[in-house]
1. Among the residues of region A:1-23 satisfying the criterion of being surrounded by 18 or more Cβ atoms within 10 Å (Cβ to Cβ) and at pLDDT 95 or above, which is farthest from the other protein chains (Cβ to nearest Cβ)?
2. Given the conditions (1) under 19 Å from A:PRO157 (Cα atoms); (2) in contact (Cβ under 8 Å) with a residue 24 or more places away in the chain; (3) surrounded by 15 or more Cβ atoms within 10 Å (Cβ to Cβ), which single one is not true for A:TYR96?
3. How many of the residues making up region B:189-201 are more than 13 Å from every other protein chain (Cβ to nearest Cβ) and out of contact with any strand residue (DSSP E or B) (no Cβ under 8 Å at 6 or more places or on another chain)?
4. Could you grab me the full set of residues in region B:486-513 that are buried (at least 16 other Cβ atoms within 10 Å of the Cβ) and more than 20 Å from the chain's Cα centre (by Cα)?
5. Within region B:240-344, considering only helices (runs of 4 or more DSSP H) that don't extend past its boundaries, which have at least 3 residues that are surrounded by 24 or more Cβ atoms within 10 Å (Cβ to Cβ)?
6. Conditions: (1) among the basic types (Lys, Arg); (2) surrounded by 18 or more Cβ atoms within 10 Å (Cβ to Cβ); (3) in a loop (DSSP other than H, G, I, E, B). B:ARG85 meets all but one. Number of the miss?
7. Would you confirm, using the coordinates I've provided, whether A:GLY46 is touching a residue at least 12 places away in the same chain (Cβ under 8 Å), on the phi > 0 side of the Ramachandran plot and either more than 7 Å from chain B (Cβ to nearest Cβ) or surrounded by 18 or more Cβ atoms within 10 Å (Cβ to Cβ) (or both)?
8. Filter region A:43-74 down to the residues that are among the small types (Gly, Ala, Ser) and not in a helix (DSSP H, G or I), then identify the one that is farthest from the chain's Cα centre (by Cα).
Amino acid sequence: MACKMKNVPFKGTPEQEAALKVVIAELKDEKGSLMPIMQKAQDIYGYLPIEVQCIIANETGIPLEKIYGIATFYAQFALQPKGQYQISVCLGTACYVKGSGDVFNKLSEELGIGAGECTPDGKFSLESCRCVGACGLAPVVMINDAVYGRLTPDMVPEILAKY
Amino acid sequence: MENVNIKINGLAVSAPAGSTILDAARLAGIRIPTLCFMKEINEIGACRMCVVEVKGARSLVTACVYPVNEGMEVFTNTPRVIESRKKTMQLLLSNHNRSCLSCVRSGACEFQTMAVELGIEDEGYYDGDKTPSVIDDSAVHMYRDNSKCILCRRCTAVCEATQGIACIGANHRGFKTDIGSPFEMPLADTTCIHCGQCIAVCPTGALSERDDTAKVIAALNDPSKTVVVQTAPSVRAGLGEEFGYPIGTNVDGKMVAALRRIGFDQVFNTDWGADLTIMEEANELIERVTKGGVLPMFTSCSPGWVKFCENYFPDLTEHLSSCKSPAQMQGAMIKSYWAQKKGIDPKDIVMVDVMPCTAKKFECTRDDQDANGVPDVDISITTRELAKLIKGFAIDFTILPDEKFDDPFGIGSGAGTIFGATGGVMEAALRTAVETITGAELPKLEFDDVRGTKGIKTASYEVGGMTVKVCVASGLSNAREVMEKVRNGEMNDYQFIEIMACPGGCVNGGGQPRQPGYVRDTVDIRALRAKVLYDMDNSESLRKSHDNPCIKAVYDEYLGKPGGEKAHHLLHTSYVKREINNYTSD
């Protein structure tokens, strides 16, 4: 059965699954072990897609909804993978007053994804951050380690085209 | 246990050590309003409607979780307390869809009642953003409108603690928190078993059964259709509550009168279908025991339980009796035997059943529930929907005369009647199975060991030189406990296991009238409603399914013998093995 939430296709390997099962077997009988299991699972896969949460549910007997509830409660858990190119838009005060909100919306529109999401081809992921320490260049966007400053929304397509 | 002496509003109260302030207040007959609290199921102190003042305490405390101490002085109605409750209520109202006039719950809503009791004058005082929400009407049995949800978590608690399923829960965080399913999937795609216990405990209009009354009205207004209704045993034990009668009032006669006045062409009694189920089920059990079939056999009349078994114990579905539920059997008989007798094309019969159950809405859509090429049951409505129909037709229920069901499916034995209570199916089956095996009449018809609202009951009987061991469970957490034992081979010496999805059985089904939280906590609804059925059984002269003259006639004239070819075609069904937690991203 397909999950209704739009997601990047799952590319988990049998090795990853085996590693997760080892972790679960070690921890599952301990009280309060769900959080550490989920953290380890995220270490292994980089995020917690439905396939991974199903493995945890089946191996521990904990209902899937309990796992999902925790995964959506804590900011440390990601439901979407990070892209090959991680775009983070500074929405800190200086960048925001200089219009980084519009830059963010333009990126979101161009890529067809929202905050915390990844494009289906796995190339770009989008998130916001708070101050990268380059307020003089506001508004600032980082793509992996590259910094782009003094941006306007109409510069977005050109930058994305580089990748 | 030692008692602790405290004062509540100046009144001396003695309560067992370890009690909460709420327990102590209830002992003393002092009501403290509660919203999220459900005894032993949801004790989370989250809604803060039960706040009280404790002398010497820095801040207000939540009575539902705060333990009593010797000498404690509690005040439940000080201006500070009232002010706090009002503010909490106003904040809840600020994120609540207040379309109360058109709400399914209006007039019987716990949340609305509380707002009125508190004397809220400005319900929109804190209005601002509202948590975004979507309506989930994907499942056949229910409707979830989170814009009316107050996040009390009663539904998720009952789903997890009582039923052991947890297909719904609180997702996300802070203002975005909502009650939903994993990965926002529609409820229909989850492990939900349609029991409706979440609906029964919801204090607002956020959860309700899918309303099928419009379909019933449309059928009644179609002159080409013969609209036949049947009512389950438990409906008569609950329906009165919708019209101001005390819990545990038998409204059998008035219910029949109301159904006639609504305009049903025939008003039949599912107790008859229950008797038919017993004939088939007892026969199946005897066959399995004597011919070495899969044992222990599980009952199959609770559709919530059946789906639970398919979901979580697919390896054990062979243990399920192949018998359809009483309502489905009766529907199949009405569309075959009765239709032929009356010369009506089964396609022109609309079979409506009134059930204490929301899972019946799912059951009647299942495969292999259409013995005559048309569904055995077309529309399944709950006790609550029947009340809605009666009110909508402006029928003054309280002054109705007592009327009798129509023949031939109006006669049910006492054994069929007690089907609505946990242990009832077992007792009814034992009455027939024991007499069939021994050929002698039972000196005593009551099987007391399987009665009562205990979650798991076991008993052992000597029948014709053989030891028969039986187990009865209600509430699916209890069922899970029993099933794990069956899976591990610990119940191999048992022959028959009765499971009902809802705690206490159908009398406490998800489609029964809703009672507020404090009533559910302080009154045993299950026992009071079950007593209606046991009292009816006691006052009947016909108390065994196999003695029901109309059952005998149907086998003589039409079906042949129990478990025969015709009976098998009409009255038995099949199950599927479901896979859970098998979802993919794309």
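1. A:VAL23
2. In the conditions (1) under 19 Å from A:PRO157 (Cα atoms); (2) in contact (Cβ under 8 Å) with a residue 24 or more places away in the chain; (3) surrounded by 15 or more Cβ atoms within 10 Å (Cβ to Cβ), A:TYR96 misses (1) alone.
3. 3
4. Across region B:486-513, the qualifying residues are B:VAL486, B:MET491, B:TYR494, B:GLN495, B:PHE496.
5. So the answer is B:252-262, B:270-291, B:303-312, B:326-333.
6. With respect to (1) among the basic types (Lys, Arg); (2) surrounded by 18 or more Cβ atoms within 10 Å (Cβ to Cβ); (3) in a loop (DSSP other than H, G, I, E, B), B:ARG85 is out only on (3).
7. Criteria met by A:GLY46.
8. Going through the qualifying residues, I end up with A:GLY61.
The values are calculated or read from the model by the stated rules, or taken from the named source; none is laboratory data. Bear in mind that the values here come from a model prediction, so they are computed numbers and not experimental data. We place every Cβ from the backbone using ideal geometry, glycine too, and count neighbours over all the protein chains shown.
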